[in-house]
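The values are calculated or read from the model by the stated rules, or taken from the named source; none is laboratory data. Here the structure is a predicted model, which is why all the values come from computation and not from measurement. Glycine gets a Cβ as well: all are built from the backbone with ideal geometry, and neighbour counts include every protein chain shown.
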Amino acid sequence: MSVASTPPSILLADGDPDSREMFGTFFRRRGWQFDVVDAPSKLSSALEQGPYDIVIADVALPGADSLSLIRDILEKRPSQAVIAVSKELSYDQALKFFRSGATDLLNRPVDFMWLERVVQQIVCSRRNDERERLSYQFVTSERTEMVFSCSDIIELDTVPLPIVGRLEAIGALDHAQALKVRLAVQEAVLNALEHGNLGLESSWKEELHPDGADRFSATRRDRLRDPEFCGRRIFVTVSFDGTALEVVIRDQGNGFLNFPQGGAPERFSEVSCSGRGLALMYSAVDEVRFDHNGSEVTLRKATKPAGRH
């Protein structure tokens, strides 16, 4: 379906009646669908009512802080495309708007030829993204390999897993399953960081130093500064074969003692990541396998046949 055959849907937020009339005239001539609001409270209500391809927002809207206006829009709809309209924009001001999440910026007086081109580009891109998401049901296999340093894991906080979102979108995983898989992978990566690469023991959390800090936290902090430990890598391989999602996490630590190849540890009490972490992993996926003396863990989750749209 071409963009031209489906008119863009626009939400215009503008406090100036003359400006609203000018935009409205342009939208009607182009055959675009649009709604108009003149206050931040009405903008919020409109966003709750239904999705729009683009929000065109005058950053001088009465009763709203310019940067907060954009952030408020994205808080309600994180993936919303927003074109910010302003009378004067210096480089520094433009940078602030972009960093606040604006998709693009429009100066006054309005260049409507430029606006038409940008709207078409945004709408085409967003609808192509939707087609790609829906077409994922026809993907029969996929493999992604990622390599992280210890500092990368600390900075990222979570490992990106876009494939899980795509599998959820096509019905191969339900929402609860997708969430648990994400949590299980994050737990396995954290274990690879702390118990693998940094060589920390869970029992150290109970050992308190004279200053009140526990041995686990203090050692973690020191080893993240030590090149011998922080220079180690974590390897994450994510693959989908059409029937199951498999995530393999491998660290460069020394592994665990008494660990049989390709299975679970002989005694969970000897594994630093036992307890909540292992319970989470085993409950989230169909198979948990340890290899290379415990320095590699494989999580495997069967997927449902993708729905046809």
**Message:** Suppose we filter E194, E187, E145 for residues that are within 26 Å of E287 (Cβ to Cβ) and either loosely packed, with under 15 Cβ neighbours inside 10 Å or not assigned by TED's automatic domain parsing to the domain that holds V236 (or both); which single one remains?
**Reply:** E145
**Request:** Of the conditions (1) closer than 21 Å to R300 by Cβ; (2) touching a strand residue (DSSP E or B) at 6+ places or on another chain (Cβ under 8 Å); (3) of a type in the set (V, I, T), T158 clears all except one; give me its number.
**Result:** (2)
**Item:** Residues located in the range 104-125, provided they are surrounded by fewer than 17 Cβ atoms within 10 Å (Cβ to Cβ) and over 17 Å from D14 (Cβ atoms)
**Value:** M113, W114, E116, R117, Q120, Q121, C124, S125
**Fill in**
Per the filter on the range 2-15, residues among the β-branched types (V, I, T) and at pLDDT below 95 are V3, T6
**Asked** With (1) modelled with pLDDT under 85; (2) among the small types (G, A, S); (3) crowded, with 22+ Cβ neighbours inside 10 Å as the list, and A176 as the residue in question, which single condition is left unmet?
**Response** (3)
**Request:** Just name the residue that is surrounded by the most Cβ atoms within 10 Å (Cβ to Cβ) out of those in the range 1-15 that are among the aliphatic types (A, V, I, L, M) and part of a loop (DSSP other than H, G, I, E, B).
**Result:** V3
**Item:** Test result for D222, assigned by TED's automatic domain parsing to the domain that holds L179, modelled with pLDDT of 90 or more, loosely packed, with under 13 Cβ neighbours inside 10 Å and farther than 24 Å from E142 by Cβ
**Value:** yes
**Asked** Restricting the search to the range 179-231, which residues are of a type in the set (A, V, I, L, M), over 23 Å from R250 (Cβ atoms) and part of a helix (DSSP H, G or I)?
**Response** L179, A218
**Prompt:** Residues of the range 75-100 being within 17 Å of V123 (Cα to Cα) and surrounded by 14 or more Cβ atoms within 10 Å (Cβ to Cβ), which ones?
**Reply:** R77, Q80, A81, V82, I83, A84
**Prompt:** So S272 fits all but one of (1) surrounded by fewer than 16 Cβ atoms within 10 Å (Cβ to Cβ); (2) of a type in the set (S, T, N, Q); (3) modelled with pLDDT under 80; what number is the exception?
**Reply:** (1)
**Complete:** Filtering the range 236-251 for residues that are surrounded by fewer than 16 Cβ atoms within 10 Å (Cβ to Cβ) and assigned to a loop (DSSP other than H, G, I, E, B) leaves a count of 3
**Prompt:** How many residues does the range 1-31 hold that are of a type outside the set (G, A, S) and either without any contact (Cβ under 8 Å) to a residue 60 or more places away in the chain or farther than 23 Å from L105 by Cβ (or both)?
**Reply:** 14
